[in-house]
Amino acid sequence: MTVPLRVLIAEDSEDDALLLVRELKRGGYDPTYERVATAAAMAAALDRQTWDLVIADHSMPHFSGSEALALVRERGLDVPFICVSGTITEELAVAAMKAGASDWVTKGQLKRLLPAIERELREAKGRAASRVTEAGFKALVDRAPIGIYRSTPEGRFLSANAALVRLLGYASVADVLGLDLARDVYADPAERQRLLERDTYSDREYDEVEATWKRQDGRLLTVQLNVRAVRNGAREVEYYEIFVRDVTEQRSLQRQLAQAQKMEAVGRLAGGIAHDFNNLLTVITSYSDLLLQDLTADDPKREDVEQVRKAAEGAAGLTRQLLAFSRQQVLEPKVVDLNAVVRGVEKMLQRVVGEDVDLVTVLAPNVCAIKADVGQLEQILMNLSANARDAMPTGGKLTIETTNVELDAEYARTHHAAAAGQFAMLAVSDTGLGMDEATKGRIFEPFFTTKDVGKGTGLGLATVYGIVKQSGGFVWVYSEPGRGTTFKIYLPQVNEVAEPQTLRGSPPPLPRGAETILLVEDAPAVRVVTRQVLERQGYTVLEVPDAAAALRIAEKHQGPIRLLVTDVVMPGLSGRELADRLTKLRPEMRVLFVSGYTDDAVVRHGILEPGIAYLQKPFTPDGLARKVRVVLDAPRTQGGTTGLLPQKDTPHRARISGPTSSCWTSTCPSGTAWSSFVTCGPTLGSRRSSPCPVGARRDISTCSRRRQPSALRAPCRSRRP
Ligand SMILES: Nc1ncnc2c1ncn2[C@@H]1O[C@H](COP(=O)(O)OP(=O)(O)OP(=O)(O)O)[C@@H](O)[C@H]1O
Ligand SMILES: [Mg+2]
């Protein structure tokens, strides 16, 4: 089988050319050839098509082998070039080989021609193949999504790929090759030196290190470097081969996550302590109040007891803050207008910050309604304003701003706690001292303060954090030393009309009653004082330490039991389960739940549901007496209790959608009077409705409460109507 071969022959003699062709045919080739005898013809032939082989006579009347070779080389062609000549000197042959000829064969020894051609064609084929592979690898490196470069131990770049150029923010590879690594790339030149001195880099394995680099625009990057040292025979490093990944965003998210986890852990601890404290404080507060009721106005002991009472109030304030931080506080969320809340406390805030601070409010007129606890929002504004005042000891400006914002998925991706969606934003900015990174990283931790002993508890921002989290929002802080601070609080918008805020009047006198109350409380001291308070108000109290005893007494007791006052978290049956059973046994009985914390079924997620009667510990005798009366006097709803059990069909009931996390909210078309219809399908398995004052059809709107991750969801126990 013959091998096709395209041959360009630079030869003035046609006979000699035919001789060459015959030789090629004899070697098994099928040559297509062109003979040229001038530089112009040679150039034209080279430019017209590709050739597998060039054979050139060394000397011709108008042309020469070396000129022919130059024409091939200047075109950058890698084609085997064999010189054939009648006469040859050793110098000429060496010069031709140096100029790039592949071989030299004399016309008298043409038998050498075929082996030379065979060898040269084979080698050219190998070179072509490796060129393809090399180009493939170059493209691979250039298109790699991570930076790849080689550098000298002195810190010069030897090569760099496109990703590295992008990472460093330069325009071209040439720009990067001109940089000095220590001076222009490392944020701290000493860091590169330290990394070089590690000397753990081998010429076989990649070692992983992390460093801080700076981009051309000055922005700092955290980069992960995989380094391999390439060494010479003397084990000295010739150059480094390095892969670079930008891990700035990843590290920032990891820091945010670690911070959130730390806050979570501290929150749980704080919540646990606060719960026990609340039991103790209930006892202290209640006995102080009972004593005060018994002492005459001029009794000398009165002042001592008042001091005890005051100290207990202070302690209750602290536990409230701890509960807020640990998100275990009971909230009474209402649909509120953020602007109205700000306006409501503006005067008070001006007093808090003092005359040296200029308080400015910039309230967006169309700011959307949010669902939150007004008292808690006021608390947020108070805490942030107090901090701003402390950061501006010589005066300044405090700006409170509200606006609507829409956060996109990209924002949520780069901000750990954030979510995408529509938010109402409350921003509180000061022109004060600002904070450095280290302070900023810890400000939300409870008890973190930079203030002198006795000046700050370090609970202000922890409280803000807890409230915001519990309200389904998140908080972000921007601050630099000497440049002031801005806290931005994002609260999810709701498509409902804000309820008008009610003004509190002076409390009516302490109510009394004569009903029988079943009291279930496992903490003996709390139980005793609760009984004493209720008995003082005229009630008959059946007192038991747990649910089992409560069930026994409810079965045995002859007369009516009007009210069950029960702790929520108890050994054995929980308060909720007990209430379920007892209200079946005694449908006329109402229920008041009492708890020091809210991590339970009745007040899941700390959101107090309309209709469930709940009293937060520590309570006062006054608070207990009033709450008991309110529950006893509340109009009877269908189902007979304070709304805990599922009710019978009513014309206004919305449909439960089955075992999903649906929460339906219906609003009355007549306005705000009928806004509290909330039906929660799963987890609680109960629903309530209040009649629409105009008997109108309801619109079932979308869920207004945040859904919780399914892992946290209890199995659905809802009953279909
Ligand atoms: N606007 C601000 N400007 C500068 N630093 C602030 C600002 N707000 C908070 N900080 C810093 O955060 C720390 C914690 O604040 P936080 O409100 O939690 O506690 P505190 O103000 O120190 O004490 P407390 O609020 O209990 O009286 C402060 O000590 C202060 O260092
Ligand atoms: Mg503070």
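Take the residues of segment 389-417 that are part of a loop (DSSP other than H, G, I, E, B) and loosely packed, with under 14 Cβ neighbours inside 10 Å: which is farthest from ligand 1 (Cβ to nearest atom)?
Step one: of segment 389-417, the residues part of a loop (DSSP other than H, G, I, E, B) are 392-395, 408, 415-417.
In the following step, the residues that additionally are loosely packed, with under 14 Cβ neighbours inside 10 Å were identified as 393-394, 408.
Values: 393: 11, 394: 14, 408: 28 Å.
Among those residues, the one meeting the criterion is 408.
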Study note, to complete from the structure: Among 30, 57, the single one that is surrounded by fewer than 17 Cβ atoms within 10 Å (Cβ to Cβ) and either of a type in the set (Asp, Glu) or closer than 20 Å to residue 101 by Cα (or both) is 30
Practice item. Evaluate segment 293-306: report whether one residue or more is closer than 30 Å to residue 424 by Cβ, without any contact (Cβ under 8 Å) to a residue 24 or more places away in the chain and outside the structural domain of residue 473 (by TED's automatic domain parsing). Key: no
Exercise for review: For residue 451, work out the one condition from (1) at pLDDT 95 or above; (2) near ligand 1 (Cβ under 8 Å from one of its atoms) it doesn't fulfil.
Suggested key: (1)
**Study point:** Candidate set from segment 459-485 (those that are closer than 18 Å to residue 379 by Cβ and not in a helix (DSSP H, G or I)); member that is nearest to ligand 1 (Cβ to nearest atom)
**Key:** 459
Review point. In segment 342-353, is there at least one residue being within 16 Å of ligand 2 (Cβ to nearest atom), of a type outside the set (Asp, Glu) and on the phi > 0 side of the Ramachandran plot?
Key: no
Review point. In this structure, is residue 342 under 36 Å from the mean Cα position of the chain (by Cα) and in a helix (DSSP H, G or I)?
Key: yes
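Going through segment 486-497 one residue at a time, which ones are within 16 Å of ligand 1 (Cβ to nearest atom) and either buried (at least 21 other Cβ atoms within 10 Å of the Cβ) or part of a loop (DSSP other than H, G, I, E, B) (or both)?
To start, the set of residues in segment 486-497 that are within 16 Å of ligand 1 (Cβ to nearest atom) comprises 486-489.
Correct list: 487, 489.
Is it the case, given these coordinates, that residue 444 is among the aromatic types (Phe, Trp, Tyr), more than 23 Å from residue 273 (Cβ to Cβ), near ligand 1 (Cβ under 9 Å from one of its atoms) and crowded, with 23+ Cβ neighbours inside 10 Å? First the steps, then the outcome.
Details: among the aromatic types (Phe, Trp, Tyr): yes; more than 23 Å from residue 273 (Cβ to Cβ): no; near ligand 1 (Cβ under 9 Å from one of its atoms): yes; crowded, with 23+ Cβ neighbours inside 10 Å: yes.
For residue 444, the condition - among the aromatic types (Phe, Trp, Tyr), more than 23 Å from residue 273 (Cβ to Cβ), near ligand 1 (Cβ under 9 Å from one of its atoms) and crowded, with 23+ Cβ neighbours inside 10 Å - is not met.
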Practice item. Would you check if there is a residue in segment 349-367 being touching a helix residue (DSSP H, G or I) at 6+ places or on another chain (Cβ under 8 Å), more than 16 Å from ligand 1 (Cβ to nearest atom) and among the hydroxyl-bearing types (Ser, Thr, Tyr)? Key: yes
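Of all residues in segment 420-435 being small (Gly, Ala, Ser), out of contact with any helix residue (DSSP H, G or I) (no Cβ under 7 Å at 6 or more places or on another chain) and within 28 Å of residue 374 (Cβ to Cβ), which is nearest to ligand 2 (Cβ to nearest atom)? Walk me through how you get there before you give the answer.
Narrowing segment 420-435 to residues small (Gly, Ala, Ser): 420-421, 424, 427, 429, 432, 434.
Subset that is out of contact with any helix residue (DSSP H, G or I) (no Cβ under 7 Å at 6 or more places or on another chain): 421, 427, 429, 434.
Then drop every residue that is not within 28 Å of residue 374 (Cβ to Cβ), which leaves 421, 427, 429.
Working: 421: 29, 427: 17, 429: 16 Å.
Step by step, filter segment 420-435, then rank; the result is 429.
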**Study point:** Selection within segment 324-335 - modelled with pLDDT of 75 or more and within 30 Å of residue 282 (Cβ to Cβ)
**Key:** 333, 334
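Just the residues that are buried (at least 17 other Cβ atoms within 10 Å of the Cβ) and more than 8 Å from ligand 1 (Cβ to nearest atom), please, taken from segment 429-440. Quick ask: steps written out before the conclusion?
Filtering segment 429-440 for residues buried (at least 17 other Cβ atoms within 10 Å of the Cβ) gives 429-435.
Residues satisfying the conditions are 429, 431.
Can you go through 99, 45 and tell me which one is closer than 26 Å to residue 128 by Cβ and modelled with pLDDT of 90 or more? Quick ask: steps written out before the conclusion?
Values: 99 fails: modelled with pLDDT of 90 or more.
Residue meeting the stated conditions: 45.
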Study note, to complete from the structure: Scanning segment 351-380 for residues that are modelled with pLDDT under 90, more than 32 Å from the chain's Cα centre (by Cα) and in a helix (DSSP H, G or I) gives 351, 352
Practice item. List every residue pair whose Cβ atoms lie under 8 Å apart, where the two residues are 6 or more positions apart in sequence or sit on different chains, the first residue falls within segment 381-396 and is at negative phi and among the charged types (D, E, K, R), and the second residue, located anywhere, is more than 10 Å from ligand 1 (Cβ to nearest atom) and part of a helix (DSSP H, G or I). Key: 389/352; 389/353
Exercise for review: Assess whether residue 394 counts as being under 28 Å from the mean Cα position of the chain (by Cα) and more than 16 Å from ligand 2 (Cβ to nearest atom).
Suggested key: no
Review point. Hey, residue 157 hits all of (1) in the same structural domain as residue 201 (by TED's automatic domain parsing); (2) hydrophobic (A, V, I, L, M, F, W, C); (3) more than 21 Å from residue 203 (Cβ to Cβ) but one; which does it fall short on?
Key: (3)
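Any residue at all in segment 432-444 that's assigned to a loop (DSSP other than H, G, I, E, B), among the β-branched types (Val, Ile, Thr), outside the structural domain of residue 259 (by TED's automatic domain parsing) and over 23 Å from residue 356 (Cβ atoms)?
Going through segment 432-444, the residues assigned to a loop (DSSP other than H, G, I, E, B) turn out to be 432-436, 441-444.
Remaining after also requiring among the β-branched types (Val, Ile, Thr): 443.
The next check asks that each one be outside the structural domain of residue 259 (by TED's automatic domain parsing); those that pass are 443.
Pick out the ones that are also over 23 Å from residue 356 (Cβ atoms) and you get 443.
Yes, some residue in segment 432-444 is assigned to a loop (DSSP other than H, G, I, E, B), among the β-branched types (Val, Ile, Thr), outside the structural domain of residue 259 (by TED's automatic domain parsing) and over 23 Å from residue 356 (Cβ atoms).
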Check your understanding: Taking helices (runs of 4 or more DSSP H) that fall entirely within segment 103-215, which contain at least 2 residues that are in contact with a helix residue (DSSP H, G or I) (Cβ under 8 Å, 6 or more places away or on another chain) and under 22 Å from residue 238 (Cα atoms)?
Key -> 173-177, 189-197
Exercise for review: Quick one: residue 426 ticks every box in (1) under 25 Å from residue 480 (Cα atoms); (2) assigned to a helix (DSSP H, G or I); (3) not basic (Lys, Arg) except a single one, so which number is it?
Suggested key: (2)
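From 420, 424, which residue is more than 8 Å from ligand 1 (Cβ to nearest atom), in contact with a strand residue (DSSP E or B) (Cβ under 6 Å, 6 or more places away or on another chain) and either among the charged types (D, E, K, R) or more than 18 Å from residue 402 (Cβ to Cβ) (or both)?
Values: 424 fails: either among the charged types (D, E, K, R) or more than 18 Å from residue 402 (Cβ to Cβ) (or both).
That would be 420, the only listed residue that is more than 8 Å from ligand 1 (Cβ to nearest atom), in contact with a strand residue (DSSP E or B) (Cβ under 6 Å, 6 or more places away or on another chain) and either among the charged types (D, E, K, R) or more than 18 Å from residue 402 (Cβ to Cβ) (or both).
Would you call residue 344 more than 16 Å from ligand 1 (Cβ to nearest atom), over 28 Å from residue 268 (Cα atoms), touching a residue at least 24 places away in the same chain (Cβ under 8 Å) and surrounded by fewer than 20 Cβ atoms within 10 Å (Cβ to Cβ)?
Working: more than 16 Å from ligand 1 (Cβ to nearest atom): yes; over 28 Å from residue 268 (Cα atoms): yes; touching a residue at least 24 places away in the same chain (Cβ under 8 Å): yes; surrounded by fewer than 20 Cβ atoms within 10 Å (Cβ to Cβ): yes.
Yes; evaluated as a whole, the condition is true for this residue.
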Practice item. Out of the residues in segment 436-470 that are over 14 Å from residue 322 (Cα atoms) and among the acidic types (Asp, Glu), state the one that is nearest to ligand 2 (Cβ to nearest atom). Key: 452
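What residue, of 220, 225, 257, is closer than 24 Å to residue 171 by Cα, out of contact with any Phe, Trp or Tyr (no Cβ under 6 Å at 6 or more places or on another chain) and surrounded by fewer than 14 Cβ atoms within 10 Å (Cβ to Cβ)?
Values: 225 fails: surrounded by fewer than 14 Cβ atoms within 10 Å (Cβ to Cβ); 257 fails: closer than 24 Å to residue 171 by Cα.
Selected residue: 220, the only one of 220, 225, 257 that is closer than 24 Å to residue 171 by Cα, out of contact with any Phe, Trp or Tyr (no Cβ under 6 Å at 6 or more places or on another chain) and surrounded by fewer than 14 Cβ atoms within 10 Å (Cβ to Cβ).
The values are calculated or read from the model by the stated rules, or taken from the named source; none is laboratory data. Bear in mind that the values here come from a model prediction, so they are computed numbers and not experimental data. Neighbour counts run over all protein chains shown; Cβ positions are idealised from the backbone, glycine included.
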